[in-house]
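J.: Pasting a structure here, questions to come.
The values are calculated or read from the model by the stated rules, or taken from the named source; none is laboratory data. Small disclaimer: the values here were computed from a predicted structure and weren't measured. Here the Cβ positions follow ideal geometry from the backbone for every residue, glycine too, while neighbour counts run over all protein chains shown. These area figures cover heavy atoms from the full protein model, side chains too; ligands, DNA and RNA do not enter into them. Shrake-Rupley method; radii C 1.70, N 1.55, O 1.52, S 1.80 Å.
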Amino acid sequence: MSHRQHIVDALHRFPVAAFHPATLNLKNGYSFENFTRDLSAGLTVGVVALPLAMAFAIASGMSPESGIYTAIIAGFLISLLGGCKVQIGGPAGAFIVIVYGIIAQYGVGNLLIATFFSGILLLLMGLFKIGSFIRFIPISIVIGFTNGIAVMIALSQVKDFLGLNIAKMPADFFHQVQTLYANISSLNIWALGMGIVSLLIVFLWPRSWAPGSAPWKRWLARIPSTVVVLVVMTSAVTIWNLPVETIGSKFGGIPQSLPAFSFPEISWGSAKQLFGPAVTLALLGAIESLLCARVADAMTDDRHDPNQELMGQGIANCVVPFFGGLPSTGTIARTVTNIKSGAISPVAGMVHAVTLLIIVLLAAPLAENVPLCCLSAILLFMAYNMGNWHEFVRLHQFTMSYKATMLSTFFLTVIFDLTVAVEVGLVVASVFFLHRMNTLTRVLPQTLPFDVPSKIEAWLMEGALFFGSVSKLEIVTDPKHISAPNSPDVIIFNFTELLSIDNSAMEIIESFQRSLVKHNKILIIAGASDHPLKQIQRIGLDKILGKYLVADMDSALLVARQALDEIRTRENKKTEELVIKEVH
């Protein structure tokens, strides 16, 4: 076999995920009727995505067109290459705090590099089937950092909502609060009024049209409230020339052109420092997109491919930096809108991207008078919906581990950053998990039938013996217990109720078995199956034990009686040899 063939065979055996986007399934019975449904849904989501994309970009410290370009490019690629049929990708509110912090510390150029690196990490996570492991992150951590991010998003929007005269907001929590307090005297009453009205419209518009009302009212109810706010407030600023900050006054408007391709300037000295931010972006993007895909599955009775979804997200995040775009992921609000609008395939997501592109090419000048206070109102409402605030009210119902994990993740997200919060949250959750597993693991003396000799002793193992619970074995494997005058000659470990055992526990048991042999004593293991049996076989203890590895306790007691007789026979023979030796 050639060297090349060896490489090909090795690649085939390597456990990588197959690249199979959901779009490849369109060839199976996709009809014109399906296309019309996707077209309608895509147009609706495209209109909804416009104000959100601009708001996310501005809140992240970028220009509004960078958010729109991200929604166009990443939205198209995620739908084209992802593993979920109806997920809509693009800039997300969860990234606002992270992106703003990266820009403040490293600059926009390094944000683009970090986004590219995060894309590579996401691609590798999907390729090596890590998508399935994201669900192992405890829900308490997810809720904690989601609520924390929602608080930070809301705090970042206070400046524009109140129209405060602040050139640049700091990135950390305490300095943000201090800066807002120091500049509260610059409050713009016009911005505050428009922000409050915008909030009321966003909140009340969907609730203003009762089911079963006139057709024209039902038609109005289908118009997204964010679009209503955008049109009403932009019209008010245009007609009455209201003294509030707008996209035009701050950014000079939005270019009426296609996004330009360019290579970000790479400084290898600073690029080495971007590993942490890239991991944060990749981790948050993976969690956000897969949580969103699970929501979509529940609404459509479908099942997404998590590894393919991560590969699609990764490719999108590798491409958008070359067009000045933001990190992107699956977005719950737009995905839900897509599903409720009738989408049934990834075509809807691609139509949504094309819709945004057409809007930019035809209507970009109209965005010049969009007031920033109305975009901040949209984000404030989104932050409110994003948080699981009822979890704080229900905290008294949960266990101490859940409370500690969620609250530590929440406060660390607000005060420090998401990376620290998730790391500490995972440590806290792991410590409580180890404690819980330790309490569920028991090593108990087992009562034997009355006719069993006292020199036979049995111990029942329950739960999982691992490095966090090996202390439970100390009472059994104590050397003093072996060498005591009345210690048993045959010890049975009953593994019937043992679910799992790790290398730390196996090493202690193996060492205990060797000590017993030195003292002319015998260890019998009974009832080992599944994982414990595989562990015994893996280290070769099954060959050492031989006939003393038995299937159940009845067999163990039978073998124990025989072993006890053998021990007594050896001891008698040894005694006789000593007597003969002394006589001679």
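J.: So, in nm, how far is label ALA260 from label ARG303 when the simple model puts each one 7 Å beyond its Cα toward the Cβ?
T.: 4.9 nm
J.: Could you compute the FRET efficiency for GLN105 and VAL279, with r as their C-beta to C-beta distance and R0 at 25 Å, rounded to 0.05?
T.: Efficiency at R0 = 25 Å is approximately 0.95.
J.: Right, next: Please compare each pair in LYS340/LYS403; LYS472/LYS534; LYS480/LYS547; LYS543/LYS574; LYS129/LYS472; LYS534/LYS574 to a cut-off of 31 Å on the Cα-Cα distance and tell me which ones are over it.
T.: Violating the 31 Å limit, Cα to Cα: LYS340/LYS403; LYS129/LYS472; LYS534/LYS574.
J.: If R0 is 56 Å, what FRET efficiency do you get for ILE120 and LYS574 from their C-beta distance, rounded to 0.05?
T.: The calculated FRET efficiency here is 0.25.
J.: Taking only C-alpha pairs under 8 Å that are 6+ residues apart, what is the relative contact order of segment 428-483 in percent?
T.: Relative contact order, segment 428-483: 38 percent.
J.: Using +1 on the beta carbon of Lys and Arg, -1 on that of Asp and Glu, and nothing else charged, what's the dipole of the chain about the Cα centre, debye to 20?
T.: 560 debye
J.: Kindly write out, for segment 425-434 in residue order, the coupling ³J(HN,Hα) from the Karplus curve 6.51 cos²θ - 1.76 cosθ + 1.60 (θ = phi - 60°), rounded to whole Hz, with x marking Gly and Pro.
T.: x, 5, 5, 4, 4, 5, 4, 5, 5, 4
J.: Using a 1.4 angstrom probe and counting only protein chains, how large is the accessible area of HIS175 in Å², to 10?
T.: We get 90 Å² for HIS175.
J.: A further question on this structure: Nearest 0.05, what FRET efficiency do ILE508 and ILE196 give at R0 = 51 Å with Cβ-Cβ as r?
T.: 0.15
J.: In addition: Full-extension gain between SER454 and LEU395, please, as 0.36 nm times their residue separation minus the C-alpha to C-alpha distance.
T.: Stretched fully, the SER454-LEU395 segment lengthens by 16.0 nm.
J.: Stokes-Einstein diffusion coefficient for segment 79-126 at 25 °C in a medium of 0.890 mPa s, Rh from the Kirkwood formula over Cα pairs: what value in µm²/s?
T.: 199 µm²/s
J.: Hey, any idea what % of the chain's accessible area is carbon plus sulfur with a 1.4 Å probe?
T.: Result for the chain: 64 percent of the exposed heavy-atom area is carbon or sulfur.
J.: Right, next: Residue farthest toward the positive end of the dipole of the chain, with Cβ of Lys/Arg at +1 and Asp/Glu at -1: which of SER63, VAL427, ASN438?
T.: SER63
J.: Can you list the HN-Hα couplings for segment 111-118, worked out from phi with the Karplus curve (6.51, -1.76, 1.60; θ = phi - 60°), rounded to whole Hz and with x for Gly and Pro?
T.: Running phi through 6.51 cos²θ - 1.76 cosθ + 1.60 with θ = phi - 60° gives 4, 5, 5, 4, 5, 4, 4, 5 Hz.
J.: May I ask you to derive the relative contact order of the chain, considering only C-alpha pairs under 8 Å and at least 6 residues apart, and to give it as an integer percent?
T.: So the answer I get is 22 percent.
J.: Determine the per residue accessible area of the chain with all protein chains present and a 1.4 angstrom probe, expressed in square angstrom.
T.: On a per-residue basis, the chain sits at 49 Å².
J.: With charges set only on the Cβ (+1 for Lys and Arg, -1 for Asp and Glu), what does the dipole of segment 378-503 come to about its Cα centre, in debye to the nearest 20?
T.: That gives segment 378-503 a dipole magnitude of about 320 debye.
J.: How large is the Kirkwood hydrodynamic radius of segment 13-119, counting all unique pairs of alpha carbons, in Å?
T.: For segment 13-119, inverting the mean 1/r across all distinct Cα pairs yields 15.8 Å.
J.: With each label point set 7 Å from Cα along the Cα-Cβ vector, what nm distance links ASP554 and ARG207?
T.: Each label point is offset 7 Å from its Cα along the Cβ direction, giving 6.8 nm.
J.: How far apart, in nanometres, would the label points at THR447 and PHE32 be if each is projected 7 angstrom from Cα along the Cα-to-Cβ direction?
T.: 8.0 nm
J.: Pick out, in residue order, every one of the chymotrypsin sites (Phe, Trp or Tyr not before Pro) in segment 72-126 that is DSSP loop and has at most 11 other C-beta atoms within 10 Å; say none if there are none.
T.: none
J.: How much solvent-accessible surface does SER225 expose, in Å² to the nearest 10, with a 1.4 Å probe and all protein chains in place?
T.: SER225 exposes around 20 Å² with every protein chain in place.
J.: Taking just the C-alpha trace of the chain, give me its Rg and Dmax in Å.
T.: 32.6, 125
J.: Please report the projected area of segment 310-428's Cα convex hull averaged over all directions, in nm².
T.: Averaged projected area of segment 310-428's Cα convex hull equals 11.3 nm².
J.: Now for a different question. Which of the GluC sites (Glu not before Pro) found in segment 256-353 are loop residues per DSSP with 13 or fewer other Cβ atoms within 10 Å of their Cβ?
T.: GLU265
J.: Semi-axes of segment 439-548's equivalent ellipsoid from the Cα gyration tensor, sqrt of 5 times each eigenvalue, largest first, rounded to whole Å?
T.: Listed largest to smallest, the semi-axes of segment 439-548 are 20, 16, 14 Å.
J.: Another question, if that's okay. Could you let me know the centre-to-centre spacing of segment 509-532 and segment 446-486, using Cα atoms, in angstrom?
T.: With segment 509-532 and segment 446-486 each reduced to a Cα centre, they are spaced 11 Å.
J.: Which one of ILE103, LEU533, ASN369 has its Cα pushed farthest toward the positive end of the charge dipole of the chain, where Lys and Arg give +1 and Asp and Glu give -1 at the Cβ?
T.: ASN369
J.: Quick one: length gained pulling VAL231 to LEU440 fully straight, 0.36 nm per residue minus the C-alpha distance?
T.: Residue separation times 0.36 nm, minus the Cα-Cα distance, leaves 69.3 nm.
J.: Divide by every residue of the chain the summed helix terms, -39500 (n - 2.57) for each DSSP H run of at least 4, and state the resulting mean residue ellipticity at 222 nm, rounded to the nearest 500 deg cm²/dmol.
T.: -20000 deg cm²/dmol
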